[in-house]
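Colleague: Before I ask anything, let me first share the structure, which is written out below as C-alpha cells.
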Amino acid sequence: MTTRRTFLGAASSLAFSNLFSPANAADPNKTGAASMYADIVLHNGLITTLDRANPNATAIAVKDGLFMDVGTDRDVMVFAGPDTKIVDLKGKRVLPGLIDNHTHVVRGGLNFNMELRWDGVRSLADAMDMLKRQVAITPAPQWVRVVG
C-alpha cells in the first residue's frame, strides 16, 4: 500500500534528482535567447528539499516554473541576472509545495479529544449514545464538537 508520505517522498526525490543532472549544469552567463538566468532566486533561507542525498539548502533558482538549482547561496546566486527577482528569506524556512486545500491543523490538534466524529453513524440511537459518552469525558465549560 502506498501511503501519502511514501508518495510525496518519491515524487520529491524524482523532482529534485533532475536538479543535479548534467543538463542543469549549464553556464548561467550565456547570452542570447537561451539565457540561463533565473526568473526568481530565493536565498539566505532554510530550505527543506526532501532529497535524502541533499536534505537542506539555503537557496533556490527557478526559471519558467522549474528548479534550475538548489544549494548554497554561493552556488545559486550565479543564476541571478539583471531581470531576476531576488528574495532574501532572512533565515525563514521554505518547504516544497505540499498542498492540502482545506485543513484545520491547529484546531484539530487542540480539540481532537473533545470532538465527536459522526462519520458513518448508522442510526440516531447510535449517535445519541456516542454523544452521551463524549459529554461524560469533555471538560466543563467546553462544548462537545460534532464533526462529520
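Only the coordinates and a few stated rules stand behind these numbers; no lab work does. Nothing here was measured: the structure is a model prediction, and the numbers come from that model. Counting neighbours? That spans all protein chains shown, and the Cβs are built from the backbone with ideal geometry, glycine included.
Colleague: Roughly speaking, what is the stretch gain from Asp73 to Lys85, that is 0.36 nm per residue apart minus the C-alpha to C-alpha distance, in nm to one decimal?
Modeller: Details: separation 12, 0.36 × 12 = 4.32 nm, distance 1.47 nm.
Fully extending the segment from Asp73 to Lys85 adds 2.9 nm.
Colleague: Once both labels are modelled 7 Å past Cα along the beta-carbon direction, what's the Ile40-Ala136 spacing in nm?
Modeller: It is 5.4 nm.
Colleague: Okay, moving on. Loop-only trypsin sites (Lys or Arg not before Pro) in segment 52-94, please: DSSP not H, G, I, E or B, and at most 14 other Cβ atoms within 10 Å.
Modeller: Those that pass, being in a loop and sparsely packed, are Arg52, Lys90, Lys92.
Colleague: Where a Cα-Cα gap under 15 Å defines reach, which aspartates and glutamates qualify for Lys63, not counting those fewer than 8 residues away within the same chain?
Modeller: Filter leaves Asp27, Asp39, Asp83.
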